[in-house]
Amino acid sequence: MSRSWFAWVVASATVGAFAVAACSSDSGGNGGASGSAGGGPGGSDAGADGSADAAGGTGGTAGAAGTAGTAGAGGTAGTAGTAGTAGTGGEPGDAGDAGGADFLGAKCKSDADCAAGVCLLPEGNDFYGFAGPANGYCTIDCTDYANDYTLPDPCAALAPNASCVPIAQTGTVVSRAVCFGGCTLGEPPVDGIDNVLDLNKCHGRRDQACVQPTDDQGNPVGIPYCEPLCQKDKDCSAVGRKCDPRLKLCVDDAHLTQGAPLGASCADWVASNGDAGTACAGVCLALRKDSNATGTDPDNIAYFCSERCVFNTIDGCGYFNNPKGGVCLLAGPNTGKSDEAYCLQMCDVDADCAAYGAAHENVYCDPIGVDNGWGRGFCLFRYGQAEAGAFPCIDGQQNNDETDVDCGGSCSKCDDGKACLQASDCKSGHCTDANDAGALVCTP
């Protein structure tokens, strides 16, 4: 495996909206107000012709804007209403573009923020009947079209690369579908993780990812779109919810997906087709251990739990958590800023890795992350099965450089009361002769 780039192979759980299968899941014319009043095809025309309307055109007077004119006079785009009589200036045109297409996926707190559309709220239950997008998502409804593709596509009327995505379904009937804004995978490219996103892609939001929809076999279908994707609980905490590790939407505790944490082995779950072992709270990924060995070699595939994240950010994956935190680093060679990627667990010692002790994974803590300035290493996987005695930190004995049974030294840090030699052996960071007995132990 390259020490400068990581590539994920395939996830093994279905996540995301119903139309998304991953192996593991402001109107135009005389300002935004015009489309807000007109909506539908009116918003589309305005968005497409925004600059012309702003220069004069049909937006010359408030009355000339037709159905848009009324809203233009008192609409959301105040400057647009003022300029309506003259129909001049770039401001109204810009508002029109935002209303027609660019409002898709914008942050919002109410429908009023979304021109002709609606605002899906983090405290709402639009997704799956129990989840909402972090920080709001401006969109329009396309449920009728999702159930009958012979009807006009309202998303295409907004923007040629927008997609109608089912977000709630009962049996074969889509009960709710909305439009997601389009995006281009791989652009802009990422040369090194600098935690900066492109403002022109998915609105530059750190809680959205450009996702390629797939079928149940993981094959690409349709065109990429900007999907809501919370990265941390803080994205949802303002409304008393948490970021679900699998759906990446804001949910109440009762609907929070339970399962094995980031980095844990899911090999038994995969081998049993989900009948044995613990499923991941997030998604189960299959990662090739050695690029020189084949992907069909069972000793060359590690199955471990991960979560989806927004590439080129460090907001998600619990980066600041220790020792179970991670970083958004698992991505294909053509993954760009804001694209969907996956979390890789970080570590200081081998025993920090959640899959440590799973023979099939043969996990170890590679210091590459320290070398590259991350401050910690990454949990990676050696080719083959682990040899006997490969996991001394969990063998129930004090051996090697352990200061107590299965802790201290190069193993995980010891609890209070356990023997130590130095502060770094202890979770508390304190190693003292607490009872003046001539023996150092970890103390609070």
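The values are calculated or read from the model by the stated rules, or taken from the named source; none is laboratory data. Predicted model only: the values in this text are computed from it and were never measured. Virtual Cβ from ideal backbone geometry, glycine too; neighbours counted across all protein chains shown.
Can you give me the number of residues within region 313-331 that are in a strand (DSSP E or B) and over 15 Å from Asp233 (Cα atoms)?
4
Would you mention how many residues in region 155-188 are buried (at least 23 other Cβ atoms within 10 Å of the Cβ) and outside any loop (DSSP other than H, G, I, E, B)?
So the answer is 10.
Here is a check on your reading of the model: is Ser338 buried (at least 16 other Cβ atoms within 10 Å of the Cβ) and out of contact with any strand residue (DSSP E or B) (no Cβ under 9 Å at 6 or more places or on another chain)?
no
Going through Asp350, Asp436, Asp366 one at a time, which residue ends up being out of contact with any Phe, Trp or Tyr (no Cβ under 9 Å at 6 or more places or on another chain) and not hydrophobic (A, V, I, L, M, F, W, C)?
The match here is Asp436.
What single numbered condition from (1) surrounded by fewer than 24 Cβ atoms within 10 Å (Cβ to Cβ); (2) of a type in the set (A, V, I, L, M); (3) under 29 Å from Glu187 (Cβ atoms) fails to hold for Ala293?
(3)
Can you report the number of residues in region 114-148 which are at pLDDT 95 or above, outside any strand (DSSP E or B) and not small (Gly, Ala, Ser)?
Residues meeting the conditions: 16.
Tell me, which residue of region 401-444 that is in a loop (DSSP other than H, G, I, E, B) and either assigned by TED's automatic domain parsing to the domain that holds Tyr364 or under 35 Å from the mean Cα position of the chain (by Cα) (or both) is surrounded by the most Cβ atoms within 10 Å (Cβ to Cβ)?
Looking at residues that are in a loop (DSSP other than H, G, I, E, B) and either assigned by TED's automatic domain parsing to the domain that holds Tyr364 or under 35 Å from the mean Cα position of the chain (by Cα) (or both), I get Cys411.
Condition check: surrounded by 14 or more Cβ atoms within 10 Å (Cβ to Cβ), touching a helix residue (DSSP H, G or I) at 6+ places or on another chain (Cβ under 7 Å) and assigned to a loop (DSSP other than H, G, I, E, B). Does Leu247 satisfy that?
Criteria not met by Leu247.
Looking only at region 191-213, count every residue that is over 16 Å from the mean Cα position of the chain (by Cα) and either crowded, with 19+ Cβ neighbours inside 10 Å or outside the structural domain of Pro133 (by TED's automatic domain parsing) (or both) and tell me the total.
Within region 191-213, residues that are over 16 Å from the mean Cα position of the chain (by Cα) and either crowded, with 19+ Cβ neighbours inside 10 Å or outside the structural domain of Pro133 (by TED's automatic domain parsing) (or both) number 0.
Kindly indicate whether Ala351 is in contact with a Pro (Cβ under 9 Å, 6 or more places away or on another chain) and under 15 Å from Ser265 (Cα atoms).
yes
Is there a residue being surrounded by 14 or more Cβ atoms within 10 Å (Cβ to Cβ), at pLDDT below 95, part of a loop (DSSP other than H, G, I, E, B) and basic (Lys, Arg) anywhere in region 228-239?
Taking every residue of region 228-239 in turn, at least one turns out to be surrounded by 14 or more Cβ atoms within 10 Å (Cβ to Cβ), at pLDDT below 95, part of a loop (DSSP other than H, G, I, E, B) and basic (Lys, Arg).
Of the residues Asp268, Asp275, Asp290, which single one is farther than 22 Å from Leu197 by Cβ and either of a type in the set (A, V, I, L, M) or outside any loop (DSSP other than H, G, I, E, B) (or both)?
Of Asp268, Asp275, Asp290, the one residue that is farther than 22 Å from Leu197 by Cβ and either of a type in the set (A, V, I, L, M) or outside any loop (DSSP other than H, G, I, E, B) (or both) is Asp268.
Only one of (1) aromatic (Phe, Trp, Tyr); (2) surrounded by fewer than 19 Cβ atoms within 10 Å (Cβ to Cβ); (3) closer than 20 Å to Trp269 by Cα fails for Phe381. Which number is that?
Answer for Phe381: the failing condition is (2).
For every residue, the table says whether it meets (1) under 22 Å from the mean Cα position of the chain (by Cα); (2) on the phi < 0 side of the Ramachandran plot; (3) part of a loop (DSSP other than H, G, I, E, B).
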{"residue": "Pro333", "(1), (2), (3)": "yes, yes, yes"}
{"residue": "Leu344", "(1), (2), (3)": "yes, yes, no"}
{"residue": "Cys365", "(1), (2), (3)": "no, yes, no"}
{"residue": "Ala386", "(1), (2), (3)": "no, yes, yes"}
{"residue": "Gly389", "(1), (2), (3)": "no, no, yes"}
{"residue": "Cys393", "(1), (2), (3)": "no, yes, no"}
{"residue": "Asn399", "(1), (2), (3)": "no, yes, yes"}
